[in-house]
Amino acid sequence: MKFDASAGSPITLPSSRIDLVLAEIRNAILTRQFAPGQALVETELARWLGVSKTPVREALKILSSSGLVTFVPYKGASVREVDRDFIESVYDVRILLEPEAVRRSTLRGNQAGLNRAAILLDDARRAGEADDRARLSLLNRDFHAALYANCDNDLLVDIIGNLRDRSALVSVAGWEAAPTWGVEWAEHHEILDAALAGDGDKAAHLLEEHLRDFLTRSIAHLPTTAD
């Protein structure tokens, strides 16, 4: 297996070596530089990144926890493959929890979060125009997080936040079949407008529709189980 560092998108250098390795591997997965199911060999990744195996090993553990990497006994790490079951499990949790978190946050008042959401929405538009799908997928997740930032339940925020990488991976896989980020951007704009108007019920309803519609689009061209 040969890794081509030039194939990934440039990223800002994080402060720690593990963060750097983590960001590079995450970016390579979300840009499909590392294909679904591809083996992630520590020695080869370390050589590609110019580091020892220790930060690579730690980064792979983090990415396994976040859902981008899977570990198989006696085989090691590989890029997670996205199938219908995986997408449905991620979106089942999001549909159950995220609209309520947004409703609560909107009713409590979330001006700082909504200001950030507006900036992220503009950044997402530019990322979409540049066809930077990895960045767009993460900006979309950060946009959603900004909407429920003031829901006053740290555990709820953590549970939804733990799906960030999984949701980004689903987005990238879905866009390969049907590049619909323009549709999602418009839906995000409607949700943000409802939240800015202080209408928590409408924002929650629009968000639930948005999640269900993307789920339907994402699974339309995917098999039931990974090959």
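Compute the helix-to-body angle for 17-30: its Cα long axis versus the longest principal axis of the chain, expressed 0 to 90° and rounded to tens. Helix 17-30 and the main axis of the chain meet at about 80 degrees.
For the chain, the longest principal axis of the C-alpha atoms and the axis of helix 53-66 are separated by about 30°. Packing, taken as the mean count of other beta carbons within 10 Å per residue, orders the peptides 173-182, 141-150 from highest to lowest as 141-150, 173-182. Could you compute the net charge surrounding Val183? Neighbours are other residues with a C-beta less than 10 Å from the C-beta of Val183; K and R count +1, D and E count -1. Local charge sum for Val183: -2.
Sort Ser218, Ser66 by Cβ crowding within 10 Å, fewest neighbours at the top.
Ordered by Cβ neighbours within 10 Å, fewest first: Ser66, Ser218.
Put a dot 7 Å past the Cα of Phe71, heading toward its Cβ, do the same for Ala112, and the two dots end up 3.6 nm apart.
Bear in mind that the values in this text are calculations on the coordinates, not laboratory data. Computed from a prediction, not measured in an experiment: that's the story for all the values here. Cβ coordinates were reconstructed from backbone atoms using ideal geometry, including for glycine residues, and neighbour counts include every protein chain displayed.
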